[in-house]
1. Quick check on my filter: what residues within segment A:6-22 are surrounded by 14 or more Cβ atoms within 10 Å (Cβ to Cβ) and either within 11 Å of another protein chain (Cβ to nearest Cβ) or of a type in the set (D, E) (or both)?
2. Please find, among A:L30, A:L46, A:L39, the residue that is within 12 Å of chain B (Cβ to nearest Cβ), farther than 19 Å from B:G42 by Cβ and aliphatic (A, V, I, L, M).
3. Can you give me the number of residues within segment B:4-46 that are closer than 28 Å to A:Q6 by Cα and open to solvent by less than 20 Å² (accessible area, probe 1.4 Å)?
4. Given the criterion crowded, with 17+ Cβ neighbours inside 10 Å and of a type in the set (A, V, I, L, M), identify the matching residue among A:L103, A:L84.
5. State all residues of segment A:52-68 that are surrounded by 17 or more Cβ atoms within 10 Å (Cβ to Cβ) and not in a loop (DSSP other than H, G, I, E, B); if no residue qualifies, say none.
6. Would segment B:49-62 turn up any residue that is in contact with a His (Cβ under 8 Å, 6 or more places away or on another chain) and in a strand (DSSP E or B)?
7. Taking the condition of being surrounded by 20 or more Cβ atoms within 10 Å (Cβ to Cβ) and either over 23 Å from B:F29 (Cβ atoms) or aliphatic (A, V, I, L, M) (or both), how many residues in segment B:52-111 meet it?
8. Every residue in segment A:31-41 that is under 15 Å from the mean Cα position of the chain (by Cα) and either among the polar types (S, T, N, Q) or surrounded by fewer than 17 Cβ atoms within 10 Å (Cβ to Cβ) (or both), please.
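The values are calculated or read from the model by the stated rules, or taken from the named source; none is laboratory data. It should be emphasised that the depicted structure is a prediction, and the values quoted were computed from it without experimental measurement. Please note: Cβ atoms are built from the backbone with ideal geometry, for glycine as well, and neighbour counts cover all protein chains shown. To get the accessible areas, we keep the full protein, side chains included, count just its heavy atoms, and leave off ligands, DNA and RNA. Shrake-Rupley method; radii C 1.70, N 1.55, O 1.52, S 1.80 Å.
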Amino acid sequence: EPEVTQTPSHQVTQMGQEVILRCVPISNHLYFYWYRQILGQKVEFLVSFYNNEISEKSEIFDDQFSVERPDGSNFTLKIRSTKLEDSAMYFCASSWGSNTGELFFGEGSRLTVL
Amino acid sequence: TQLLEQSPQFLSIQEGENLTVYCNSSSVFSSLQWYRQEPGEGPVLLVTVVTGGEVKKLKRLTFQFGDARKDSSLHITAAQPGDTGLYLCAGPNFGNEKLTFGTGTRLTIIP
């Protein structure tokens, strides 16, 4: 069964360092997303991406964040200068259509900022 | 932003019992999804309900969408330890692609 894969599964970094989280969405999906979940809190929307550009972003997704689809398969989230409060599980998701709510999530990348 | 409140927040019951968890909002949703999340993993889609009043069954799980499309419930019959997990409702906001997640119900089934 097709699945969304994410790497790394866990990354520990020092505050101020750059981090890149990688995702391979399901191949025939057109919409790509990043969500995050701080420990014990709700899953929160960060950004959606369609047709090689950001289609929507939340107030969390400030100038420190960027996304890219460098080739036909990978979808990356970059955090330029990590802060302590960026520590969270970051989930990549993909879907074939927008506004369906039927997202397929990866297993997540746990980011720990020290 | 449309908000989704789930209740109860935590639920711990014996194997074999029945349970219902609720997802409520003051806003209308075009559809609602239910996801289950295991520790350290991403949410996994269980079902989508679209029509007001719709009922969908997935083995021992019964999902209902409220008539006004503002709320939903998940009923589990004869709960099994394998049902343990975090149950999340979620819905797409009108006019955009953002999926709003509920606060979650953490369910523990005791063998």
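1. If the condition is that a residue be surrounded by 14 or more Cβ atoms within 10 Å (Cβ to Cβ) and either within 11 Å of another protein chain (Cβ to nearest Cβ) or of a type in the set (D, E) (or both), then A:Q6 is the only one that fits.
2. Residue meeting the stated conditions: A:L30.
3. So the count comes out to 9.
4. Checking each option against the conditions leaves just A:L103.
5. Residues satisfying the conditions are A:E56, A:K57, A:F65, A:V67.
6. Checking segment B:49-62: at least one residue is in contact with a His (Cβ under 8 Å, 6 or more places away or on another chain) and in a strand (DSSP E or B).
7. Here the count works out to 8.
8. Listed by number, the residues that qualify are A:Q37, A:I38.
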